[in-house]
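Reading through the structure tokens given below for one structure.
The values are calculated or read from the model by the stated rules, or taken from the named source; none is laboratory data. Predicted model, so just to flag it, every value in this text is computed and none were measured. Backbone-built Cβ (ideal geometry, glycine too); neighbour counts: all protein chains shown.
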Amino acid sequence: MMSFQLKLTNEQYLLYLEAFMKKLEKEKDYITQLDSVTGDGDHWVNMDMGFRKLIDQKSDLEAVTFGEMFKKIGMTIMSTVGGSSGVLYGSGYIRAAQTVGDLQELDAAKLADMLQAFLNAIMERGKAKPGDKTMIDTLHGGVESMRQKLAENAGDAEVLRALKSGALAGMESTKEMEAAKGRAYYQTNKGVGNLDPGAVTMYYQIEALVDVLMSDQR
Amino acid sequence: MKKIINHPDHVVTEMLEGIALAHPEVVYFKEAEVIARKEKSIKVGLVSGGGSGHEPSHAGYVGKGMLDAAVAGNVFASPSPDRVLKGIQEANGGKGVLLIIKNYSGDIMNFQMAQELAEMEGIEVDHVVVKDDVAVPDSTYSTGRRGIAGTVFVHKVAGAKAETGASLQEVKQVAEKTIANIRSMGMAMSSCVLPGVGTPSFTLGADEIEIGMGIHGEPGIEKSPVLPAKEIAKKLVEPILNDFEKMSGEVAVMVNGLGATPLMELYILFKEVTELLKQHDISIYRAYVGNFMTALEMSGASLTLLNLDEELKALLDAPCQTPAMKG
């Protein structure tokens, strides 16, 4: 097998957004049901509204640098998603924009930096950390295992697989966690036994991104 | 889902348009989803807001003696920082702006980010966080207590203080004193339906009620079969009184409907609350019975007590003229 070189382009990022949107549409009932158990049932509606708006405005995101694209995505999500997810994703994308600057494409190391910046911004804005039963657990799991593979000089395909599997493990770990932040905290059992819906939609994003990138690998 | 709406995506915008049409003393800023006073004055500006679905909170409290601007988010979701920033800009009369935030993760993050944005524009901004729901233990490491109907007392008291020409720090101080002296407790009898979701957020059995439930359907502390009003009153009054470290003996009482509870039932609950308070030698200085902070069509009610001193009494009595509170 020829070694696979990750070069994330603007075009692929838009394909990824569409792939995530498709997955989100499909899982409406599942996410809403998860959120009704631990939260207030609006996570899917708000995410859907924000990402639908992004897809509608897709032409604005074409042929711009990653920095400009992420900033636009961040501002759109912040103003349309609202709630906790909006400001957290908005803060994440805006920080990520600073990391990628005027690059036209991202390699594996830069993708890791971008995801790390995204994660740091979410943790700072939400005053939350891994283990709090949030989307942070998914992203943190993915970034950590991705970084480990990068440090081992693994091939890009392996790095991407690690991103996805680490994110999946992170998402699954939220099931047995007690919530410290957000509305799941108000549950008597702090949401134990249920996946965090925000962790699940974060996983859908990482899964969709990795799948789009890997689909180029033949 | 049966609702008087045109499209689930448009409920917030169309509601705010309706409010501005019904109450010409306020002005609506589309896109930012802000309702602000038409007539501006040089005083500390007060801004509150949060997810929609709690009407008349908060747009109904914009007007003389209460808020200067209210910022609406999507149903049950905090408004974004850019919307809150618009609210701050509209409320700014040159003496600074105080944000009255209900204690939810989303509201805190969005309002604080808006505060940072406004400060970058040179507007002096400070904030207070209302956490009055005794159904949730107070806590510093986590989200902690929710902000519910007691927030309306903060609007009233801080709003009256701001009208006196007080400074931002003085208004903040009296808002914090109010927050320290309010306790609330709710109960629900049936769920609400988010327009964008279309199905009930939670289910309660036909004969089941939930004590301590939050205004977004967050679970409470106890499910029980339907109880007589007398017993329900007890389940609301006792935890509130137990939570106060000390009381003056005089309170303002708010019996708040969650959206689908008839006023008849709210007055029955109020009567029972009055009798319980009498047994504890607590007198009622002022009473508020009605729908002040709802949860869409949830049925049920919340009780709020504001422990009073002379300053708070005077500020409660000060005139106000808003769509949802006059006097």
Considering each of B:Ala77, B:Ala72, B:Ala32 in turn, give the residue that is in contact with a helix residue (DSSP H, G or I) (Cβ under 9 Å, 6 or more places away or on another chain), within 22 Å of B:Met113 (Cβ to Cβ), within 14 Å of another protein chain (Cβ to nearest Cβ) and not in a loop (DSSP other than H, G, I, E, B). B:Ala72
Out of curiosity, is B:Gly94 without any contact (Cβ under 8 Å) to a residue 60 or more places away in the chain, closer than 17 Å to B:Lys172 by Cα and away from chain A (no Cβ under 11 Å)? yes
Inspect all residues belonging to region B:3-25 and state whether any of them is among the charged types (D, E, K, R) and farther than 24 Å from A:Val45 by Cα. yes
Please indicate, with yes or no, whether at least one residue in region B:39-55 is closer than 22 Å to B:Thr164 by Cα, outside any strand (DSSP E or B) and touching a Leu at 6+ places or on another chain (Cβ under 8 Å). yes
Within region B:180-198, take every residue that is among the hydrophobic types (A, V, I, L, M, F, W, C) and in a loop (DSSP other than H, G, I, E, B) and give me the one that is farthest from the other protein chains (Cβ to nearest Cβ). B:Cys192
Six or more apart or on different chains, Cβ atoms under 8 Å: show the pairs whose first residue is in region B:152-172 and farther than 23 Å from B:Leu305 by Cα and whose second is of a type in the set (A, V, I, L, M). B:Glu163/B:Ala318; B:Ala166/B:Val44; B:Ala166/B:Val174; B:Ser167/B:Val44; B:Leu168/B:Val44; B:Leu168/B:Val97; B:Leu168/B:Leu98
Tally the residues that are away from chain B (no Cβ under 14 Å) and either part of a loop (DSSP other than H, G, I, E, B) or buried (at least 24 other Cβ atoms within 10 Å of the Cβ) (or both), restricting the search to region A:174-204. 6
Could you grab me the full set of residues in region B:199-244 that are aliphatic (A, V, I, L, M), in a loop (DSSP other than H, G, I, E, B) and within 21 Å of B:Ala149 (Cβ to Cβ)? B:Leu204, B:Met213, B:Ile215, B:Ile221, B:Leu227
Scan region A:45-60 for residues that are within 14 Å of chain B (Cβ to nearest Cβ) and either without any contact (Cβ under 8 Å) to a residue 12 or more places away in the chain or over 23 Å from A:Lys72 (Cβ atoms) (or both) and report the count. 1
Go through B:Gly65, B:Gly106 for me and flag whichever is modelled with pLDDT of 95 or more and either of a type outside the set (A, V, I, L, M) or in contact with a His (Cβ under 7 Å, 6 or more places away or on another chain) (or both). B:Gly65
Positions within region B:109-124 being farther than 19 Å from B:Glu170 by Cβ and touching a Lys or Arg at 6+ places or on another chain (Cβ under 9 Å), in sequence order: B:Met109, B:Asn110, B:Gln112, B:Met113, B:Ala114
The residue that is surrounded by the fewest Cβ atoms within 10 Å (Cβ to Cβ), considering only those in region A:63-100 that are among the aliphatic types (A, V, I, L, M), farther than 12 Å from A:Ile122 by Cα and within 13 Å of another protein chain (Cβ to nearest Cβ), is A:Met75
Name every residue in region A:136-150 that is of a type in the set (Asp, Glu) and either buried (at least 24 other Cβ atoms within 10 Å of the Cβ) or more than 15 Å from the chain's Cα centre (by Cα) (or both), in order of residue number. A:Asp137
Report yes if B:Gly93 is in contact with an Asp or Glu (Cβ under 8 Å, 6 or more places away or on another chain), over 30 Å from B:His10 (Cβ atoms) and surrounded by fewer than 22 Cβ atoms within 10 Å (Cβ to Cβ), otherwise no. yes
Tell me which residues, restricted to region A:114-135, are part of a helix (DSSP H, G or I) and either surrounded by fewer than 18 Cβ atoms within 10 Å (Cβ to Cβ) or among the small types (Gly, Ala, Ser) (or both). A:Ala117, A:Asn120, A:Ala121, A:Glu124, A:Gly126
Looking at region B:199-246 only, could you name the residues that are within 14 Å of chain A (Cβ to nearest Cβ), within 15 Å of B:Asp133 (Cα to Cα) and either out of contact with any His (no Cβ under 8 Å at 6 or more places or on another chain) or not aliphatic (A, V, I, L, M) (or both)? B:Glu210, B:Ile211, B:Gly212, B:Met213, B:Gly214, B:His216, B:Gly217, B:Glu218, B:Pro219, B:Gly220, B:Ile221, B:Glu222
